[in-house]
Amino acid sequence: MDDQGQSRARFRKQAVRLRQLRKVYDGQGGPLTALDNFSCDIADGEFAIILGPSGCGKSTVVRIIAGLEPPTSGTVLVNGAPVTEAGKACGMVFQSYTSFPWLTVLENIAFGLRYTAGGGRRERHERAREFARMVGLADFENAYIKQLSGGMKQRVAIASALATDPGILLMDEPFGALDSQTRMAMQEQLLSITEGSDKTVIFVTHDIEEALLLGDRIYVCTARPAGILAELDVPFPYPRTPALRAQKKFGDMKYEIFHLLRDQAYAQMLEAAGERRR
Ligand code: ADP
């Protein structure tokens, strides 16, 4: 975090407080511990990255913050209060496309507004139009989801989540299914949208470059069960551009995080291999 006021995060108060989260699933071969002693504080306005090897428990953390499932034990506070209702404080974007294929782009974005925004159909559609424009889909308002590319589908999902004006945006590997060029374009677009906003973003990824390009702060997870291995401030001021990747400091941090994650990914692989043998 710099002191120059260049960072998007203003760190007014805590948006999310997680304390000693533990989550045990009923796995096929017996109890499976996905999280253990997972604790962190995510500040209001922060672009927080949850980074860790695949299968370590990152999505589990996000689903718990969203209220989609309870922890086995531990404390979750969102805006200072326990989570009582799924999706109340948080907008969500997942890796798989979650829009309704039988609705148009505009109808999809307007859909969630039925429950959150006042006004009638015309107002909802006006707002939906504004967010379609924001994600570059103005010319596709009346297209059906099945007519869109993967990147466009994710833009609909992002617009739908943002249109409801959540204080916290949860993004679970939202660009994970996209090809690398589309992914880079989407990262830039997300930066341009969030840099001008005061939203808290909690973004899950296993991609170190994506984490460094987007985040204020990176929460590096251990192999499963996920806990916090390290918390790193990302020192690059916003607005950020893809050219950041060419900076020496970017390369140095990428290497530092790579080393942190390498052992975790290896541990995760051994664990998975052991499970297959059992
Ligand atoms: P990540 O997001 O880091 O890839 P997840 O949080 O999706 O990891 O999963 C962590 C572990 O918990 C994995 O081993 C996964 O198979 C297991 N898991 C996730 N959800 C369930 C569930 N509903 N029931 C049983 N096991 C689950």
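Listing for the model above:
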{"item": "Some residue of the range 24-41 being under 23 Å from Cys90 (Cα atoms), assigned to a loop (DSSP other than H, G, I, E, B) and open to solvent by 10 Å² or more (accessible area, probe 1.4 Å)", "result": "no"}
{"item": "Failed item, numbered, when Met184 is tested on (1) away from the ligand (no atom under 16 Å from the Cβ); (2) open to solvent by less than 20 Å² (accessible area, probe 1.4 Å)", "result": "(2)"}
{"item": "Breaking point among (1) within 22 Å of Asn108 (Cα to Cα); (2) modelled with pLDDT of 95 or more; (3) out of contact with any Cys (no Cβ under 9 Å at 6 or more places or on another chain), for Leu170", "result": "(3)"}
{"item": "Residues of the range 67-82 classified as part of a loop (DSSP other than H, G, I, E, B), open to solvent by 50 Å² or more (accessible area, probe 1.4 Å) and more than 26 Å from Leu212 (Cα to Cα), total", "result": "4"}
{"item": "Total residues in the range 233-258, condition more than 17 Å from the chain's Cα centre (by Cα) and either among the aliphatic types (A, V, I, L, M) or closer than 30 Å to Gly27 by Cα (or both)", "result": "6"}
{"item": "Answer residue from the range 198-209, given it is away from the ligand (no atom under 16 Å from the Cβ) and touching a residue at least 60 places away in the same chain (Cβ under 8 Å) and is surrounded by the fewest Cβ atoms within 10 Å (Cβ to Cβ) among those", "result": "Asp198"}
{"item": "Residue within the range 34-45 that is acidic (Asp, Glu), touching a residue at least 24 places away in the same chain (Cβ under 8 Å) and away from the ligand (no atom under 12 Å from the Cβ) present", "result": "yes"}
{"item": "The range 51-64 residues that are part of a loop (DSSP other than H, G, I, E, B), paired with ones that are of a type outside the set (Lys, Arg) and near the ligand (Cβ under 7 Å from one of its atoms) (beta carbon under 8 Å, 6 or more apart)", "result": "Gly52/Ala226; Cys56/Ala226; Gly57/Ala34; Gly57/Ala226"}
{"item": "Some residue of the range 47-60 being touching a strand residue (DSSP E or B) at 6+ places or on another chain (Cβ under 8 Å), charged (D, E, K, R) and closer than 23 Å to Arg155 by Cβ", "result": "yes"}
{"item": "Test: Asp252 is exposed (fewer than 15 other Cβ atoms within 10 Å of the Cβ), of a type outside the set (A, V, I, L, M) and under 24 Å from Leu77 (Cβ atoms)", "result": "no"}
{"item": "Inter-residue pairs, beta-carbon under 7 Å, first more than 15 Å from Arg224 (Cα to Cα) and in the range 254-278, second in a helix (DSSP H, G or I) and at pLDDT 80 or above, 6+ apart", "result": "Lys254/Ile208; Lys254/Glu209; Lys254/Leu212; Ile257/Ile208; Phe258/Ile208"}
{"item": "Condition met for Ile64 (modelled with pLDDT of 95 or more, among the β-branched types (Val, Ile, Thr), within 16 Å of the ligand (Cβ to nearest atom) and closer than 19 Å to Leu212 by Cβ)", "result": "no"}
{"item": "Of residues in the range 119-144 being of a type in the set (Gly, Ala, Ser) and farther than 14 Å from Asn108 by Cβ, the one surrounded by the fewest Cβ atoms within 10 Å (Cβ to Cβ)", "result": "Gly120"}
{"item": "Checklist (1) touching a Ser or Thr at 6+ places or on another chain (Cβ under 7 Å); (2) within 10 Å of the ligand (Cβ to nearest atom) applied to Gln28, failing item", "result": "(1)"}
{"item": "Scan of the range 210-235 for residues that are buried (at least 18 other Cβ atoms within 10 Å of the Cβ) and more than 16 Å from the ligand (Cβ to nearest atom), ordered by number", "result": "Leu212, Leu213, Leu214, Gly215, Asp216, Arg217, Leu232, Val234"}
{"item": "Single residue of Leu170, Leu190 found to be crowded, with 20+ Cβ neighbours inside 10 Å and touching a residue at least 60 places away in the same chain (Cβ under 8 Å)", "result": "Leu170"}
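The values are calculated or read from the model by the stated rules, or taken from the named source; none is laboratory data. Note that the structure is predicted; figures quoted are calculated from it, not measured. With ideal geometry, Cβ positions are generated from the backbone for all residues, glycine too; neighbour counts draw on all protein chains shown. With ligands, DNA and RNA removed, areas are computed over all heavy atoms of the protein, side chains included. Shrake-Rupley method; radii C 1.70, N 1.55, O 1.52, S 1.80 Å.
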